[in-house]
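All remarks here apply to the structure that follows.
The values are calculated or read from the model by the stated rules, or taken from the named source; none is laboratory data. It should be emphasised that the depicted structure is a prediction, and the values quoted were computed from it without experimental measurement. So basically every Cβ, Gly included, is an ideal-geometry build from the backbone, and we count neighbours across all protein chains shown.
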Amino acid sequence: MKLQPILCLFLLAAACSCSCSDEPVFHSDEQPELPSLPAITEGSYFADSLEYTPEKQRQTLTDIQQGYFRFFYEDYQKDSKMALIGTERPAINVALAGSAYAATAIPVAVERGWISRKEGAQRFLDMCTFLNRAERYHGAWSHWMNGKTGAGSPFNPKQQSAGDLVETAFMMMGLFICSEYFDSEDATETNARELVAKFHNEIDWNFYTNGEQTLYWAWDKNLGFAPLKITGPCEALPAYLLALSAPEEFAITEDVYTHGWRGKKFFNEGRATYGYTFELGGEEKGGPLFTTQHPFLWINPFIYQDNYADYWEFCTNHALINRQYCLNDAPKEYLYDERNWG
């Protein structure tokens with residue numbers, strides 16, 4: 001499987017950064033101090049939960065992490081072993097992004113002793129087996145799918161039977177995590193890795209440019225391209241990185257990354273919000289937190305750098321800006337406070 005250094009998988013694979021040498025390297029000024037924790041009565045639940053020591057936090061974090069894993073591992077669509085969309089929709093439908101998170105959690109669960117390596121490898125292979133027979137659109141899977149047949153399910157008026165490039169990128173990141181972890185010569189692990197390599201070699205990322213210097217989010221086999229170009233910064237960063245590192249036949253050029261992902265409002269030199277440097281993107285306050293949380297499930301922000309930002313600082317400041325907004329400027333009826341925000 002051909003993977004170029006642009007791809008950096010969190011914990012399990014390393015990569016180097018991408019940048020353009022003719023652009024100025026940015027180094028941010030010193031940031032304001034992190035907000036202090038509120039004073040809370042000793043012995044209360046919040047006093048314990050906000051005291052950030054390993055002894056206080058380890059069990060709480062373990063419970064949260066194990067619950068996250070169990071949500072995907074125990075409540076799945078029975079035919080496909082993929083993640084369900086939600087309780088408000090038919091149980092036959094599965095979610096591609098949710099399944100990406102499920103796959104990402106499998107190696108963690110094995111390492112933590114919640115399931116055996118054999119069980120983790122089998123779930124990895126089961127998901128790959130379903131994805132291999134599922135309907136694909138120039139290599140990309142649908143946002144939602146029928147878990148029994150693999151057919152694409154309608155997501156919105158512009159995506160009735162469509163490939164979703166961003167959700168596909170998420171799915172591939174989760175599969176790459178598993179592929180790197182389950183690296184033995186065991187037949188189950190080998191078969192799963194071979195399917196991941198097959199998917200990697202079949203996704204036509206360049207098709208989703210529609211002949212332009214950008215990537216499009218989705219393509220419907222009857223309606224054509226959805227009118228939604230992928231521009232950064234947002235949760236879709238993995239789509240551009242995987243498109244750059246794809247086999248040459250299906251890869252995008254650096255110009256597509258430069259003009260598509262970076263766009264016109266990508267860099268805003270000198271901008272700060274609530275005292276925190278925040279120079280990327282058109283949203284002064286950063287918008288929803290998931291736009292920075294999703295891609296860095298898989299991409300190591302300490303390693304992935306370019307000439308515009310330190311991405312660990314960018315993600316940290318996004319969270320701090322969101323907190324300041326919730327505490328100071330959000331509508332009062334939202335009832336945010338120091339312990340409930342975001």
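Of the residues making up the stretch 151-172, one or more are more than 20 Å from C234 (Cβ to Cβ) and either in contact with a helix residue (DSSP H, G or I) (Cβ under 7 Å, 6 or more places away or on another chain) or of a type in the set (A, V, I, L, M, F, W, C) (or both).
Among the residues of the stretch 204-216, is there at least one that is acidic (D, E), farther than 16 Å from K158 by Cβ and surrounded by fewer than 15 Cβ atoms within 10 Å (Cβ to Cβ)?
Yes: the stretch 204-216 contains one or more residues that are acidic (D, E), farther than 16 Å from K158 by Cβ and surrounded by fewer than 15 Cβ atoms within 10 Å (Cβ to Cβ).
Across the stretch 288-299, the number of residues qualifying as in a loop (DSSP other than H, G, I, E, B) and crowded, with 17+ Cβ neighbours inside 10 Å comes to 3.
Across the stretch 129-156, the number of residues qualifying as within 23 Å of N210 (Cβ to Cβ) and among the hydroxyl-bearing types (S, T, Y) comes to 2. Contact annotation: residue pairs with Cβ atoms under 8 Å, 6 or more positions apart or on different chains, pairing a residue in the stretch 73-86 that is without any contact (Cβ under 8 Å) to a residue 60 or more places away in the chain with a partner that is surrounded by 20 or more Cβ atoms within 10 Å (Cβ to Cβ) and basic (K, R), are Y73/R123; K81/R123.
For (1) surrounded by 17 or more Cβ atoms within 10 Å (Cβ to Cβ); (2) touching a Leu at 6+ places or on another chain (Cβ under 9 Å), each residue gets a yes or a no:
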position	(1), (2)
G67	no, no
P90	no, no
G98	yes, yes
Y101	yes, yes
P107	yes, yes
G113	no, no
R123	yes, no
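M145 passes every criterion in (1) out of contact with any Leu (no Cβ under 6 Å at 6 or more places or on another chain); (2) in a loop (DSSP other than H, G, I, E, B) apart from (2). If the condition is being in contact (Cβ under 8 Å) with a residue 40 or more places away in the chain and among the acidic types (D, E), then the stretch 181-211 contributes D186, E189, E202, D204. Each residue in the stretch 85-101 was checked for being more than 20 Å from G163 (Cβ to Cβ) and either polar (S, T, N, Q) or modelled with pLDDT of 95 or more (or both), and 1 pass. For the stretch 186-222, taking the residues that are aromatic (F, W, Y) and under 21 Å from the mean Cα position of the chain (by Cα), the one that is farthest from A236 (Cα to Cα) is identified as F199. Condition check: aromatic (F, W, Y), surrounded by 17 or more Cβ atoms within 10 Å (Cβ to Cβ) and modelled with pLDDT of 95 or more. Does Y311 satisfy that? Here the answer is no, as Y311 does not meet what is asked. Within the stretch 268-282, the presence of at least one residue that is at pLDDT below 95 and polar (S, T, N, Q) is confirmed. So, in the stretch 264-286, exactly how many residues are without any contact (Cβ under 8 Å) to a residue 24 or more places away in the chain, buried (at least 16 other Cβ atoms within 10 Å of the Cβ) and either aromatic (F, W, Y) or closer than 10 Å to I321 by Cα (or both)? The total comes to 1.
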